[in-house]
Structure formats: C-alpha cells, structure tokens
Amino acid sequence: MQKIAKGVYHYDPDSINLRQDLEDFSQALKKQILERDNYKCVICGMGKKEGVELHIDHIKPKDLGGKAVLENGQTLCSRHNFLKKNLKQTETGKKMFIQMLESAKDSGESELVAFLEEVLSIYEKHNINGHIVWKKSSDI
Ligand SMILES: [Zn+2]
C-alpha cells in the first residue's frame with residue numbers, strides 16, 4: 001500500500017513482481033520441460049510440427065509463490081498461454097461462485113443454489129477453468 005494523499009491508498013501491482021526474476025525458468029529447465037511434454041502444448045497438443053510457438057508456463061503462478069521447478073512447468077502454445085492469463089479473472093469468479101454455492105447449500109437457500117449451479121454450468125459449457133472442480137447437488 002502506498003499513501004498518495006490523505007486517506008487515499010493506491011494499490012501498486014508492480015510491487016508484487018519484484019521477485020519475478022528469481023522464479024523464472026532457466027534455459028536448461030525450459031528444455032527439460034519441453035522434452036517431458038514432447039514439444040507440444042499440454043492443452044491442444046500442437047507443437048513445432050504445426051508451426052506454433054511454445055511457451056513455458058508456471059502452473060502455479062509466480063505471484064502466488066509458484067517455483068521455477070520442473071513439476072511447476074508446463075508447455076503451452078502462445079494461444080493457450082494467452083488464454084490462461086485471461087482466465088485468471090474468470091478463475092477468481094469461479095472460486096467465488098463455488099464458495100457461495102457451498103454456503104447456500106449449508107443454509108438451505110435452494111433458489112440461490114439453483115442460480116449458482118446454473119452459473120457454474122456455464123463455465124462447464126464453455127470449458128472455462130475446468131481444473132477447478134465444483135460439486136453439483138446431484139453428485140452428493
Ligand atoms: Zn495450445
């Protein structure tokens with residue numbers, strides 16, 4: 001937090017990126033990750049053969065403490081690397097809806113449960129943030 005004027009606080013997103021360089025993958029590690037993933041995007045399977053550019057992505061982001069280790073690296077094509085960045089925001093939303101759903105279930109608010117399940121089913125329909133799993137009432 002940075003104080004700009006009396007009573008006004010400004011959140012500076014750059015300040016959290018100071019450690020960035022420490023957690024970047026080394027060239028040697030990038031090569032290991034590419035080899036493990038067979039030089040293919042782990043999402044769509046496209047690679048050099050198809051002429052796509054490949055990136056090494058932190059599975060757990062650096063700003064959440066993700067380390068530059070083999071297990072935290074994955075190969076993504078430029079399209080999926082880009083999509084993943086955009087999906088950060090929908091991810092935050094999905095987690096919030098899941099939390100709301102759990103508490104709505106606990107308090108027996110069936111209308112709210114129905115609404116939230118529908119919202120979450122739209123995530124599923126568009127295959128957005130599929131790695132975050134939510135439980136439908138019918139699963140319980
Ligand atoms: Zn891809």
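The values are calculated or read from the model by the stated rules, or taken from the named source; none is laboratory data. This one's a predicted model, so the numbers in the text were calculated from it and none came from an experiment. Cβ: placed from backbone, ideal geometry, glycine included. Neighbour counts: every protein chain shown. The area values use the complete protein model at the heavy-atom level, side chains included, leaving out ligands, DNA and RNA. Shrake-Rupley method; radii C 1.70, N 1.55, O 1.52, S 1.80 Å.
Enumerate the lysines that Lys136 could reach by cross-link, defined here as Cα to Cα under 16 Å, with residues fewer than 8 away along the same chain left out.
Candidates past the 8-residue exclusion: Lys94, Lys95, Lys105, Lys125.
If you plug each phi of the stretch 89-95 into the Karplus form 6.51 cos²θ - 1.76 cosθ + 1.60 with θ = phi - 60°, what whole-Hz ³J(HN,Hα) values come out, in order, with x for Gly and Pro?
6, 5, 4, 4, x, 4, 4
So between His131 and Thr92, what do we pick up on full extension, going 0.36 nm a residue minus the alpha carbon distance? Let's see the in-between values first.
Details: separation 39, 0.36 × 39 = 14.04 nm, distance 1.25 nm.
This chain segment gains 12.8 nm when fully extended.
Could you give the length gained by full extension between Glu124 and Leu112, i.e. 0.36 nm per residue of separation minus their alpha carbon distance, to one decimal place?
Values: separation 12, 0.36 × 12 = 4.32 nm, distance 1.84 nm.
In short, 2.5 nm is gained.
Under a plain spin-label model, where a point goes 7 Å from the Cα along Cα-to-Cβ, how far apart in nm are Asn38 and Glu53?
Result for the modelled spin labels: 2.5 nm.
Mind checking which lysines have their C-alpha under 18 Å from Lys62, skipping anything on the same chain fewer than 8 residues away?
The reachable lysines, counting only those whose Cα sits under 18 Å from Lys62, are Lys30, Lys84, Lys85, Lys88.
Rank His80, His126 by accessible area, highest first, at a 1.4 Å probe radius?
Details: His80 25, His126 110 Å².
Largest to smallest exposure gives the sequence His126, His80.
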